[in-house]
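Let me begin by presenting the structure, written as structure tokens, before commenting on it.
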Amino acid sequence: MFIKVLRFSFLLLICFESSGQAFIDLAAELGVQGSYTGGPFSGGMSFADFNGDGQDDLSFATNTGEPMKFYLGSHGSFTEVFLNISNNKRIRQILWVDYDNDGDKDLFTTSLFEGNDLYRNNGGLEFENVNFQSGLINLFNPTFSYGASFGDIDNDGWLDFYIVNRSNQGNQFFRNNGDGT
């Protein structure tokens with residue numbers, strides 16, 4: 001009995017000790033400003049090296065009418081950059097992927113109300129919305145999307161993707177043809 005009580009006490013001690021972590025908000029000190037004001041439909045953020053310099057960069061979704069925020073990472077601090085992405089929608093998820101296999105990160109965003117967007121990185125962080133060229137025209141319409149996931153489902157070397165929409169809209173799967181569509 002004494003051993004059981006001792007074990008139980010030890011486990012309680014571990015639980016209380018491990019739950020005492022404190023977090024400090026260093027965002028402003030590291031150069032990251034702003035907040036998401038989307039209410040219950042809050043947006044996502046992404047850690048991804050979107051400029052290819054080996055440092056994690058940050059991307060933040062924003063509410064309708066506000067541009068997305070992008071920050072280049074440099075050895076523990078961040079600098080806001082303005083990319084030529086004119087997306088003022090209520091963004092749910094930001095995904096950086098190389099869907100066209102050209103070696104740089106392209107951008108895919110999901111939106112709860114205003115439709116999803118695929119942006120091709122043409123180099124030098126110059127982006128082009130390719131919804132129409134890629135055949136994703138139906139993603140331009142409201143789809144009530146929550147998120148997406150990329151992966152090479154058919155092992156052909158090209159990233160395919162799956163979009164999760166509200167139940168009454170139905171989810172969508174897109175196979176990459178390897179030619180930008």
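The values are calculated or read from the model by the stated rules, or taken from the named source; none is laboratory data. This one's a predicted model, so the numbers in the text were calculated from it and none came from an experiment. In this analysis, Cβ positions are derived from the backbone assuming ideal geometry, glycine residues included, and neighbour counts consider all displayed protein chains. Note: accessible area is taken over every heavy atom of the protein model, side chains too, but ligands, DNA and RNA are not part of it. Shrake-Rupley method; radii C 1.70, N 1.55, O 1.52, S 1.80 Å.
Largest first, the residues MET68, MET45 sort by 1.4 Å accessible area into MET45, MET68.
The amide H of LYS89, built 1.01 Å from its N in the peptide plane, has GLY65 as neighbours under 5 Å, considering only residues 5 or more places off or on other chains. Rounded to the nearest Hz, the phi-derived 3J(HN,Hα) couplings of region 89-106 under the Karplus curve 6.51 cos²θ - 1.76 cosθ + 1.60 (θ = phi - 60°) are 8, 7, 7, 9, 9, 10, 10, 9, 9, 9, 6, 9, 6, 9, x, 10, 7, 9, where x marks glycine and proline. Within region 81-154, the GluC sites (Glu not before Pro) that combine a DSSP coil assignment with at most 14 other C-beta atoms in a 10 angstrom radius are GLU126. Near ILE153, once Lys and Arg are set to +1 and Asp and Glu to -1 for all other residues with Cβ below 11 Å from its Cβ, the sum equals -3. Estimated at the nearest 10 Å², the accessible area of ILE24 is 140 Å² with a 1.4 Å probe.
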